[in-house]
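So the structure is just underneath, and the comments pick up after that.
Where a number appears in this text, it was derived from the coordinates with a stated rule and is not lab data. All figures in this text were calculated on a predicted structure; none of them were measured in a lab. Quick reminder, even Gly has a Cβ in these numbers, built from the backbone with ideal geometry, and neighbours come from all protein chains shown.
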C-alpha cells in the first residue's frame with residue numbers, strides 16, 4: 001500500500017462520517033475486549049506470564065545476532081534455505097526469484113502482515129504471478145482491492161452485506177438466487193472457492209509468529225486452517241518473517257503462546273499452532289518439497305539500542321488497537337499505514353521515518369489502555385511521546401502547535417506567573433460559561449470547540465485544591 | 001557484502017557489539033542447553049486421572065466432541081458410530097500408524113479404509129495423536145507416513161485417537177516427550193497443535209465453526 005499517514009486528519013474526519021464503517025467498528029469493542037478480559041481472568045498466572053514473555057524477548061533482542069545464526073544453522077540442518085533481506089525490495093526480489101524458479105503461476109498465501117509491509121502481492125502480480133489470499137478476511141479485502149484495517153481481523157471494517165455484494169460480484173459461476181444472508185453461508189462459499197486454489201497453487205507463502213532458534217522451526221498460529229493448507233499443499237513453502245520473531249527454545253515459545261491468543265481473541269489457544277521444520281522428509285506422504293525462510297530487516301536493526309527497541313517485542317496480537325479509543329472511532333484505514341493503532345503509531349515512524357508519519361504518534365489520547373493490555377508490556381504511550389519529541393526537535397510539528405506549546409512552556413517555567421494567569425483566567429472562563437456551564441466557542445481554540453464544548457471551570461484551580469488538601473492532612477496529623 | 005553479513009552487521013553496530021563476545025555466546029549456549037521452563041500454569045498440575053478429565057473438559061469447551069473407550073479394539077466401532085450419527089458414508093482416510101493396525105477394523109465389515117495422504121475428497125479422516133495437553137484441551141499431531149498432515153486439515157470431520165497415558169498437563173511435557181523420541185533440537189517436519197475444529201470470526205466478529213479446516217473434531221481417548 002501507498003503510505004498515506006500524512007492524511008490521517010482528513011481520513012479520520014471522513015471515517016467518522018462513514019455510517020457503514022461506524023457500524024462495523026462497533027464489533028471491535030464487542031468482539032474483543034470482553035473476551036480478552038475473560039481469558040485473562042481465567043488464568044491466575046497471566047500477568048506472571050506477561051512478565052516472563054517480556055523478559056524472553058528482551059533476552060532475545062540483546063543476543064539477536066547470535067540467535068539468528070543458531071536459527072539459520074538449524075534450518076539448514078533440516079534441509080531448508082535461509083535468505084536475508086535488508087530491505088523490502090530485497091525481500092520482494094528473493095520471493096519472486098523462488099516463485100520463478102518453481103515456475104509458479106499462482107501462489108496461495110496465509111495471513112501475513114509482513115507480506116503487506118513489503119507489498120508482495122503487487123510485486124508478484126506485476127510479474128505475472130497471481131497471489132491468492134486464503135484467510136477469509138484477507139480474501140474479502142483482496143476481492144475489494146483494499147488492504148487490512150486490523151492486523152488480526154483484516155476485514156473488521158466491513159459488514160456482512162458488503163461481503164455478500166463482493167461475493168456476488170466475483171463468484172459469477174455460482175447461482176444468482178443463492179442465499180448469502182448469513183455469515184455461515186459466506187464462509188462456506190469462500191471455503192469451496194478456495195479449496196481448488198490450494199491444490200492449483202505452486203507455492204504457498206506464510207508469515208511466522210515465531211522462529212525457534214533451538215530447532216530451526218517456524219510457527220504459525222491460525223484459527224481457520226488456511227495457513228496450514230497453504231504451506232502443506234504447495235510444492236514450495238516460503239516463510240517471510242522479520243528478524244525479531246526469533247525465540248530461543250520450544251519452552252520460550254510456550255510462554256509467549258500462553259499470552260498471545262488470550263490477548264488477541266480471548267482464546268486459550270488458537271485452533272492451529274503449527275511448527276514447521278524444513279521440507280518434506282524422504283518418507284513423508286505430504287508437505288512441501290522445498291522450504292525457504294526470508295528474514296526481513298527493513299529498518300528493525302536500526303531500532304535496536306534506541307528508545308524504540310521495546311517495540312521489537314511486539315507479537316502482533318492486536319490488543320492495543322482493540323482497546324484504543326482512537327482506533328474505535330476511526331478504524332484502521334484512517335492511519336494510512338500498514339500497521340494501524342497504537343503499535344502502528346510507534347512502528348510506522350521507525351520503519352518509514354517521522355517526516356511522513358508524524359500524525360500517527362499524535363493520534364492518541366494517552367489514555368494508556370494499550371500499554372495496560374499489551375502482553376509484552378511495551379510502553380506504547382511513552383514511545384509515542386518520544387516520537388512527538390523527535391518531531392518537535394526537527395521542527396516538523398505544525399506552527400500553531402509549536403507556538404501553543406512554546407506559550408504554555410513560557411508560563412509553565414514561571415510558576416508565579418502561571419498561578420497568576422490561572423487565577424485570573426479561571427473566573428473569566430467560569431463567568432463565560434453562563435448558566436449552561438459550557439463554552440461553545442473560544443478565541444484561539446476553535447479547533448477544539450468546533451466539535452465539542454469546553455466545560456466551564458468550577459471552583460478553584462487544581463493547585464489550590466492540592467494545597468488545601470495538603471494543609472488538611474498536616475492539620476489532622478497524618 | 002551478502003544480505004546476511006549486512007543484516008548481522010547492522011544488528012551488531014546498533015547494539016555496539018563488535019563481534020560475538022564470550023559472555024553473550026555463553027548466555028545463548030546456556031539457554032539453548034538448559035531450556036528453562038518459566039511459568040507453568042497450576043491449572044493442569046493434577047494427578048493423571050485429573051489431567052485426563054481436564055483434557056476432555058477443555059477439548060469439549062473449545063468445540064471438540066470426546067468419546068472414551070477401554071481398548072484399541074473398540075476404536076473402529078466408535079468411528080463407525082460417529083459416521084452413522086453424522087450421516088456420513090462408511091469411509092475414512094487413514095495413515096499407517098501401527099497403533100491403529102489392530103483397532104477392530106475387522107469387526108466393522110462395511111467400513112472402507114483409504115490409506116495415505118488425503119486428496120481433498122475425504123469426508124472423514126482418522127489420525128493418532130502423539131499427545132494431549134490438558135491445560136487447553138489441545139492435541140499434538142506429528143507429520144509422517146503414520147499420520148499424514150493433510151488428514152488433519154482436508155476432511156470435513158477429523159477423528160483423532162489418543163492414548164489416555166499420552167495426556168500430559170502442559171506443552172512443556174510434550175516438548176520433553178518430543179526430545180525423548182526424536183533427540184534434542186530435532187523436530188518432525190510438522191507438529192500440529194490442534195485445539196477444537198477450525199473457525200473464523202472474520203465476518204462481523206461472529207465465530208463460525210468450519211472455516212478451511214475440519215468442521216468437526218472428534219477425539220477418541222483409549223484407556
How would A:124, A:211 line up from fewest to most surrounding beta-carbon atoms within 10 angstrom? A:124, A:211
How many Cβ atoms of partner chains, on average, are near each residue of A:297-306 if near means within 10 Å of its Cβ? 4
Between the alpha carbon centres of the stretch B:77-139 and the stretch A:299-367 the gap in Å comes to 47 Å
P(r) for the stretch A:115-211, please, calculated from all Cα pair distances in 5 Å bins and given in %. 2, 10, 22, 24, 20, 14, 6, 2, 0, 0
Which order results if B:65, B:80 are arranged by neighbouring Cβ count within 10 Å, fewest first? B:65, B:80
Chain B: antiparallel bridges as % of DSSP beta bridges, rounded to 5, reads 25 percent
Rounded to the nearest 10 degrees, the helix B:3-14 long axis (Cα) sits at an angle to the longest Cα principal axis of chain B of 60 degrees
Can you give the helix-only mean residue ellipticity at 222 nm for the protein assembly as shown, where every DSSP H stretch with n ≥ 4 adds -39500 (n - 2.57) and the sum goes over all residues, rounded to the nearest 500 deg cm²/dmol? -13000 deg cm²/dmol
Hydrodynamic radius by Kirkwood, which averages 1/r over all alpha carbon pairs of chain B, in angstrom: 19.6 Å
Antiparallel bridge percentage (DSSP; both residues within the protein assembly as shown; nearest 5): 30 percent
How much of the DSSP beta bridge set in the stretch B:69-169 is antiparallel, as a percent to the nearest 5? 20 percent
Only counting other Cβ atoms within 10 Å, I'd like A:324, A:367, A:314 sorted with the fewest neighbours first. A:367, A:314, A:324
Where does helix B:22-34 land angle-wise versus the long Cα axis of chain B, in degrees 0 to 90, nearest 10? 20 degrees
What's the angle, to the nearest 10 degrees (0 to 90), between helix B:75-85's Cα axis and the longest principal axis of chain B? 70 degrees
With 10 Å bins from 0: P(r) over the stretch A:413-475, alpha-carbon pairs, percent: 20, 37, 31, 10, 1
